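Trainee: Before we start, here is the structure in question, set down as structure tokens.
Taken together, the values in this text are just the output of simple stated rules run on the coordinates, not laboratory data. Since the model is a prediction, treat every value here as computed from it, not as a measurement. All Cβ positions, glycine included, derive from the backbone under ideal geometry; neighbour counts span all protein chains shown.
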Amino acid sequence: MAADPRQDAMAAEKQAAARRAVEYVADGMALGLGSGTTMQHVLDALGARVRTGLRVVGVPTSETTAARARALGIPLATLAERPDLDLALDGADEIDPRLDLVKGRGGSLLREKVVATAARRLVIVADATKLVPMLGARAPVPVEVVPFAAAWCALRLARRGLRPTLRGGAAQPFVTDNGNWILDCTFEPTPDATALAAAIRALPGVVEHGFFLGMADTAVVAYTDGRIEVRQRA
């Protein structure tokens, strides 16, 4: 199969953004390590610095991230061992002008949110396709639910105007590292998802949602022309 030039270009963009983001890491830091395809590039860049002498310890947000970090020689700890983190690095599915986010396409939104909250600073790494004028413009918000309540939660979410789809389908639902299922919910784009996020979180059976509101401090964004833009929360 022929290589996809656009996919190759996007990978190069993510690599460039990852290298820039890892510059925020200082010796001795405890780091939150997010999940997803962009984070693979971040881990590669971080691993390269570790091999040249950088001393850090990472708290991974998924088993996939943990396995890759170990393979790269990045020391790891649990959140119980390092409950206060200096910095968290992660990707995003959508980034709006206020640096509010939709996250969770990789299925690790619950652990990602816990680790992001434990960190003094959250740095998001992305390519420019993740920038949107309003959340909901291009990506559904994932909602992690306990399997027992999945159908009921889907019904209630639909009544609130969302359009939920069980990830993986009824025959073989996607299972998170926490043993839960995910409802991917499309919704009308909104400049402020605060009320919608609160309504979702209030439903019994909902474990967590993929709205990360008011959490990101910095976004490192790579463009196809080679530019790296650093956006800071106002």
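Trainee: What translational diffusion coefficient, in µm²/s and rounded to a whole number, does the Stokes-Einstein relation yield for the chain at 37 °C and a viscosity of 0.692 mPa s, taking the hydrodynamic radius as the Kirkwood radius over Cα pairs? Numbers along the way, then the final one.
Mentor: Numbers: Rh = 18.1 Å.
Reported coefficient: 182 µm²/s.
Trainee: Here's a follow-up. Which whole number of Å³ per residue matches the convex hull of the alpha-carbon atoms in the range 141-208? Each step should come with its number before you reach the end.
Mentor: Details: hull volume 5.4 nm³, N = 68.
Dividing the Cα hull volume of the range 141-208 by its residue count gives 80 Å³.
Trainee: Let me ask you something else. Taking +1 at the Cβ of each Lys and Arg and -1 at the Cβ of each Asp and Glu, which of 220, 230, 189 sits farthest along the dipole of the range 156-234 towards its positive end, judged by Cα position relative to the Cα centre?
Mentor: Value: 189.
Trainee: Quickly estimate the mean residue ellipticity at 222 nm for the chain, helices only: each DSSP H run with n ≥ 4 gives -39500 (n - 2.57), and the total goes over all residues, rounded to 500.
Mentor: Values: 6 runs with 69 residues, N = 234.
Per the formula, -9000 deg cm²/dmol.
Trainee: For the peptides 125-137, 94-106, 221-233, what is the packing order when you average, over each peptide's residues, the other Cβ atoms within 10 Å and list the highest mean first? Walk me through the numbers before you get to the answer.
Mentor: Details: 125-137: 19.5, 94-106: 23.5, 221-233: 14.1.
By packing density, highest mean first, the sequence is 94-106, 125-137, 221-233.
Trainee: If you don't mind, another one. If you stretched the chain out fully between residue 151 and residue 165, how much longer would it get, using 0.36 nm times the residue separation minus the C-alpha to C-alpha distance?
Mentor: Details: separation 14, 0.36 × 14 = 5.04 nm, distance 1.02 nm.
Full extension from residue 151 to residue 165 adds 4.0 nm.
Trainee: How high is the FRET efficiency between residue 71 and residue 9 when r is their beta carbon distance and R₀ equals 30 Å, given to the nearest 0.05?
Mentor: On the way: r = 26 Å, r/R0 = 0.87.
In this case the efficiency is close to 0.70.
Trainee: Set the Förster radius R0 to 41 Å, insert the Cβ-Cβ distance between residue 201 and residue 57 as r into 1/(1 + (r/R0)^6), and round the FRET efficiency to 0.05.
Mentor: With R0 = 41 Å, the Cβ-Cβ based efficiency is 0.85.
Trainee: When 112, 63 are ordered from fewest to most other Cβ atoms inside 10 Å of their Cβ, what list results?
Mentor: The most exposed by this proxy come first: 63, 112.
Trainee: Right, here's the next one. Using a Förster distance of 45 angstrom, determine the FRET efficiency expected from the C-beta separation of residue 80 and residue 225, and round it to 0.05.
Mentor: Values: r = 44 Å, r/R0 = 0.98.
E between residue 80 and residue 225, to the nearest 0.05, is 0.55.
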